[in-house]
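A.B. asks: Pasting a structure below so you can have a look.
We did not get these values from a lab; they are worked out from the coordinates using the rules stated. If you're wondering where the values come from, they're calculated on a predicted model, not measured in any experiment. Cβ coordinates were reconstructed from backbone atoms using ideal geometry, including for glycine residues, and neighbour counts include every protein chain displayed.
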Amino acid sequence: MDPEAIERELDAILPRVQKPGRYTGGELNQVLKDWAQVPTRVALAFPDIYDLGMSNLGLAILYDILNQQPDVLAERVYAPWSDMEALMRRHGVPLHSLESKRAIADFDILGFSLPYETLYTNALNMLDLTGIPLLSAERERRHPLVIAGGHATFNPEPMADFIDAFVIGEGEEAILEIVRCYEQWKGGSEPRQALLEALSPICGVYVPSLFQVDYRADSTISQVKPLASGIELPVLKRIVPELPPATTRFIVPFIDVSHNRMPIEIMRGCTRGCRFCHAGMVTRPVRERSVGEILDAMEQAQACTGHDEAGLLSLSSSDYSQIQELVRQAGERFAGRHVNLSLPSLRIESLSVELMDLLQDSSRRSGFTLAPEAATERMRSIINKPVPSDQILQTVEEIFKRGWHTIKLYFMIGHPSETLEDVQAIADLSKAIIAKGRSFIGKRARVNVSVSTFVPKSHTPFQWVACESEAQIEAKQDLLRRELRGRGLKLSWTDPQRTMLEAWLSRGDRRMGAVILHAWQRGAKFDAWQEHFDHQAWMQAFGDAGLDPAFYTSRQRALDEILPWDHIDAGVTKKMLVEDYQWSLEGKTRPDCREHCTACGILPKFNDLRRQHPGEIWKCPEVKPVAREKSSQVVSSS
């Protein structure tokens, strides 16, 4: 269907859907190039609704980078909500881009952002709406190249049947290399297989169809081997040596979205080493932007968007080495312009009184978000987040003293070795914090307690441990629901069945692709949405695929087992992860990397990549030269 026909159908459809502004395009700062004059066209897809996808910084960065290339255009597409999808299917309207209303099947490359696993069925549903074959093996030369990146792709295997190539790690440079590789292939007449083989040597690119996975009788993996010569294992994640200039020309939506602000990434990576934290492990090493660069980016972003709030983003904003100076200078530069600062990720141990005082003048005084993760010092030692309980109480006291009335606390249940006494301590600590608040600001004090459930993630020291059962999770949640009642206290938690889904998808092997496909065929989509999640569809899908869901959740892995993601190198050595896991069993903590380098393995690999670029190599004085681990042709066990 051509763009004019799609536009005509949209004129009839949009008055009949919720929030038609999700589908119109035409927003301030969108980029619309002349389709006929641009040889390479990329569709960037976020497999959830516009309201969420518009706040995804990764997609905004790639959109900006690609559209800076004169011979490339990038347009956006999001998952239509169920009302829009039904009308699209009824009227025969294919999935199309917001900018030009071109059918996605007409683009050269379709790139999915997969920041979390519960988007997988939405990605399949979007592919189905495009008319592109769901299975990579069934695509022909005429079909778009389907790629994917994001944190969920550090274990790419569950989506290996559907994605032609994954970008493992950071995509700012890799996306352009993929585009140039595609252009060279497109100019010839070689089959699609030749394109896939040409993509594989790009650092950070994983082409699953070029690898074979073999299994043992007990269903564990026996080996992963390349199917073509010259392909090395493991596939090393892509790392950009320096953070590129911050994106500032953000598209301004017509409707409210999840974050109406200008997001400025101030730092990438984390040095803390929390053992449950996937993001902290896979985004190493830490790279910071200078205060001047951040302030200039804020200036440009406000001029381009008119937003009055800047989100200073990183895994831990208060760990940025010059955070106080940044907040102070931001207050001076934007004085009188009503620009508020948001630091959405603050660590208790790096949140100083001085920083709180600076934030008083530069942010809306609505609330603070803190993440103790566990409520006893024993548990915080196990997860390597050793914050004394007294320090937590002193911090919240200083917050309430300065007039903030709401504190949001993030906790996690289900950590290894956790007992009901550790869960009771969550309630006790929350009550102690609300009591502190009432002593300073009375009944206005609010404590919102968000309790998620731990899922062991790939490339972390806890990747070998078993998940808790639904019954164990429910018992702990019941305890918290009984205990956390009363004025000023609010509790939220995660449905145990959705936790199981996250565990299946994040810990799955290549065979999980059949489960995802069967679940989608049974109607599964928008799995992250409580009102759409269909647990029964997933259980039936496991039956259809002949797999046992407990194999992926309640089974403790042996330290020498080949894990589904072992052929992906996230930078941290397996030796270090094993050691850290064993330390957790003893309650032994590891220092912050900025205090003492723990030789996790990332620096030699990073420096190998950095040597390809001019300038000084990123150094850590504690690190002695370490030889890069030898590549092997097969990941296997004896």
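A.B. asks: Hydropathy at least -1.0 by Kyte-Doolittle, axial extent at least 30 angstrom from the Cα trace: which helices of the chain, defined as entire DSSP H runs, fit? Kindly include the intermediate steps, with their values, before the conclusion.
C.D. replies: Values: long enough: 420-441 (32 Å, 0.52).
Both cut-offs are met by 420-441.
A.B. asks: Could you check the spin-label model distance between D296 and D608? Points 7 Å from the Cα along Cα→Cβ, value in nm.
C.D. replies: About 3.4 nm, to one decimal.
A.B. asks: Here's something else I'd like to know. In straight Cα distance, which lysines are under 19 Å from K186, not counting same-chain residues fewer than 8 positions off?
C.D. replies: Within the straight-line limit of under 19 Å, K186 reaches no lysines at all.
A.B. asks: Normalising by the residue count of the chain, find the relative contact order in percent from Cα pairs under 8 Å and 6+ residues apart.
C.D. replies: Normalised by residue count, the contact order of the chain is 14 percent.
A.B. asks: Continuing with the same structure: Any aspartates and glutamates with Cα under 19 Å of the K575 Cα? List them, leaving off those in the same chain fewer than 8 positions away.
C.D. replies: In chain and number order, the partners are D560, E561, D566, E586, D592, E622, E629.
A.B. asks: Can you find, among S290, Y320, I255, the residue sitting farthest towards the positive end of the charge dipole of segment 242-339, where Lys and Arg contribute +1 and Asp and Glu -1 at Cβ?
C.D. replies: The residue sitting farthest along the positive end of the dipole is Y320.
A.B. asks: I'd like to compare 183-189, 121-127, 242-248: which one has the highest average count of other Cβ atoms within 10 Å, and what's the full order after that?
C.D. replies: In descending order of packing, they fall as 121-127, 242-248, 183-189.
A.B. asks: Could you give me D for segment 72-137, from Stokes-Einstein at 10 °C and 1.306 mPa s, where the hydrodynamic radius is the Kirkwood radius over C-alpha pairs? Units µm² s⁻¹, please.
C.D. replies: Value of D from the Cα-based Kirkwood radius: 126 µm²/s.
A.B. asks: If packing is taken as the average number of other Cβ atoms within 10 Å across a peptide's residues, how do 219-225, 453-459, 557-563, 521-527 rank, most packed first? Could the numbers behind the result be given before it?
C.D. replies: Working: 219-225: 17.4, 453-459: 23.0, 557-563: 14.3, 521-527: 20.4.
Ranking, from highest mean packing down: 453-459, 521-527, 219-225, 557-563.
A.B. asks: Further, regarding this structure: Please report the projected area of segment 341-446's Cα convex hull averaged over all directions, in nm².
C.D. replies: If you wrap the Cα atoms of segment 341-446 in a convex hull and average its projections, you get 6.3 nm².
A.B. asks: Report the equivalent ellipsoid semi-axes for segment 505-576 in whole Å, largest first, defined as the square roots of five times the eigenvalues of the gyration tensor built from alpha carbon atoms.
C.D. replies: So the equivalent ellipsoid measures 28, 14, 11 Å along its semi-axes.
A.B. asks: Right, something else. Give, rounded to the nearest 20 debye, the magnitude of the charge dipole that the chain has about its Cα centre when Lys and Arg contribute +1 at Cβ and Asp and Glu contribute -1 at Cβ. Could the numbers behind the result be given before it?
C.D. replies: Values: 74 positive and 85 negative charges, 254 e Å.
The dipole of the chain has a size of about 1220 debye.
A.B. asks: Also, quick follow-up: Can you work out D for the chain in µm² s⁻¹ from Stokes-Einstein, where Rh is the Kirkwood radius over C-alpha pairs, the temperature is 4 °C and the viscosity is 1.567 mPa s?
C.D. replies: Answer, rounded: 50 µm²/s.
A.B. asks: Can you put L52, L236, L343 in order, fewest other beta carbons within 10 Å first?
C.D. replies: Ranked by crowding around the Cβ, least crowded first: L52, L236, L343.
A.B. asks: How far apart, in nm, are the 7 Å Cα→Cβ label points at D218 and E354?
C.D. replies: Spacing of the two 7 Å Cα→Cβ label points: 5.5 nm.
A.B. asks: With 10 Å bins from zero, work out the P(r) of segment 1-129 over every alpha carbon pair and list the percent per bin.
C.D. replies: All Cα pairs considered, the percentages come to 12, 47, 35, 6.
A.B. asks: Taking the Cα centre of segment 26-139 as origin and charging only Cβ (+1 Lys, Arg; -1 Asp, Glu), how large is the dipole, in debye to the nearest 20?
C.D. replies: My answer is approximately 220 debye.
A.B. asks: What list of whole percents do you get for P(r) of segment 242-339, with Cα-Cα distances grouped in 5 Å bins up to the one holding the largest distance?
C.D. replies: 2, 13, 22, 22, 18, 13, 8, 2, 0
A.B. asks: Of I433, L491, L355, which is farthest towards the positive pole of the chain's charge dipole, taken about the Cα centre with +1 and -1 on the beta-carbons of Lys, Arg and Asp, Glu respectively?
C.D. replies: Working it through, the farthest residue towards the positive pole turns out to be I433.
A.B. asks: Only Lys, Arg, Asp and Glu count, each charged at its Cβ (+1, +1, -1, -1), so figure out the dipole size of segment 12-60 about its Cα centre, rounded to 20 debye.
C.D. replies: Using only the charged Cβ atoms, the result is roughly 140 debye.
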